[in-house]
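Chemist: One structure, as structure tokens, below. Some questions next.
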Amino acid sequence: NILIIGDYDVDGATSIVLLMRCLCDYGFKKINYIVPNRFDYGYGLTSEIVEQAKIYCPKLIITVDNGISSMEGVENARQLGIDVLVTDHHLPGLELPNANVIVNPNIKDSKFISKNLAGVGVAFYLMAALGRELEIKGQLGAAKISARYLDLVALGTIADVVKLDFNNRILVKEGLKRIQNKLCVPGILALIKESGKDYNKLTSMDLGFSLGPKINAAGRLEDISIGIECLLTDDDSIALKCAVALGEKNKKRQD
């Protein structure tokens with residue numbers, strides 16, 4: 001029973017959806033997510049969010065795009081017998097949370113060469129590693145699953161305005177290629193349609209200035225759950241309804 005705790009921006013939303021989709025494809029059955037309402041709970045895995053998480057009876061909490069500074073929340077979860085896997089890209093403080101595992105290219109002594117990954121980039125490498133491990137253990141095709149969702153990685157990476165170093169450029173290029181060939185989640189196609197763009201001519205500028213702000217608007221004004229549902233659904237009509245609603249929220253934010 002896995003519970004994902006995300007952040008309320010595009011990077012957090014794409015990270016949640018990436019994990020939800022990959023874990024489902026790998027065969028996990030009990031996966032849920034929570035995004036803290038920024039107005040009620042603030043940021044990250046707080047003690048209040050751990051209390052809310054208890055409803056789901058998780059065996060494992062995975063944080064995406066947050067958690068490296070969640071000392072108290074991680075400790076509370078551990079005391080309740082819940083394992084915690086922190087995935088984050090933000091710079092750590094002098095003290096690290098007492099998580100079972102921390103995946104962050106910016107922690108001391110990390111040998112991972114790409115320090116500029118967005119949260120969704122960190123989540124992608126975690127899922128890629130898990131896929132390879134499952135393939136070694138006999139699950140045929142598992143190693144290729146994470147690459148299906150490079151469209152999400154490209155969107156989250158551009159929207160989070162991280163440095164486009166050599167590695168991030170590859171992730172974005174391959175993600176754009178999937179979108180331009182219509183090999184992306186329905187929600188991205190719906191957001192492209194709502195933005196009046198052409199998917200086979202989509203650029204990183206479109207991700208950063210047309211699609212990303214629509215998802216961000218939901219997190220800025222209310223909560224980002226509709227943005228997550230837009231990217232999570234496989235139903236084209238639901239994706240389009242979500243995209244239209246996100247477009248309206250973005251207009252409201254602009255006003």
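The values are calculated or read from the model by the stated rules, or taken from the named source; none is laboratory data. Everything numeric in this text was worked out from a predicted model, so none of it was measured. Cβ placement follows ideal geometry from the backbone for every residue including glycine, while neighbour counts extend to all protein chains displayed. In case anyone asks, the SASA skips ligands and DNA or RNA and just uses the protein heavy atoms, side chains included. Shrake-Rupley method; radii C 1.70, N 1.55, O 1.52, S 1.80 Å.
Yes/no matrix, rows are residues, columns are (1) buried (at least 19 other Cβ atoms within 10 Å of the Cβ); (2) free of Cβ contacts under 8 Å to residues at least 12 places away in the same chain; (3) among the β-branched types (Val, Ile, Thr):
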position: 212; (1), (2), (3): yes, no, no
position: 218; (1), (2), (3): yes, no, no
position: 227; (1), (2), (3): yes, no, no
position: 237; (1), (2), (3): no, yes, no
position: 244; (1), (2), (3): no, no, yes
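Chemist: Do we find that residue 114 is of a type in the set (S, T, N, Q), open to solvent by 30 Å² or more (accessible area, probe 1.4 Å), more than 27 Å from residue 222 (Cα to Cα) and modelled with pLDDT under 95 in this structure?
Modeler: no
Chemist: Which members of the range 117-134 meet the condition of being in contact with a strand residue (DSSP E or B) (Cβ under 8 Å, 6 or more places away or on another chain) and either at pLDDT below 95 or of a type in the set (A, V, I, L, M) (or both)?
Modeler: Result: 120, 122, 123, 126.
Chemist: Could you please tell me which pairs satisfy a Cβ distance under 7 Å, a separation of 6+ or placement on different chains, a first residue in the range 189-203 that is without any contact (Cβ under 8 Å) to a residue 40 or more places away in the chain, and a second residue that is open to solvent by 10 Å² or more (accessible area, probe 1.4 Å) and not in a helix (DSSP H, G or I)?
Modeler: 199/182
Chemist: How many residues are open to solvent by 50 Å² or more (accessible area, probe 1.4 Å) and either basic (Lys, Arg) or free of Cβ contacts under 8 Å to residues at least 12 places away in the same chain (or both) if we restrict to the range 17-39? If you could, list the steps in order and put the result at the bottom.
Modeler: Taking the range 17-39 and keeping what is open to solvent by 50 Å² or more (accessible area, probe 1.4 Å), we get 24-25, 28-30, 32, 38-39.
If we keep only those that are either basic (Lys, Arg) or free of Cβ contacts under 8 Å to residues at least 12 places away in the same chain (or both) as well, we get 24, 29-30, 38-39.
Summing the residues that are open to solvent by 50 Å² or more (accessible area, probe 1.4 Å) and either basic (Lys, Arg) or free of Cβ contacts under 8 Å to residues at least 12 places away in the same chain (or both) in the range 17-39 gives 5.
Chemist: Within the range 80-102, identify whether any single residue is modelled with pLDDT of 95 or more, under 18 Å from residue 232 (Cβ atoms) and surrounded by fewer than 24 Cβ atoms within 10 Å (Cβ to Cβ), and answer yes or no.
Modeler: no
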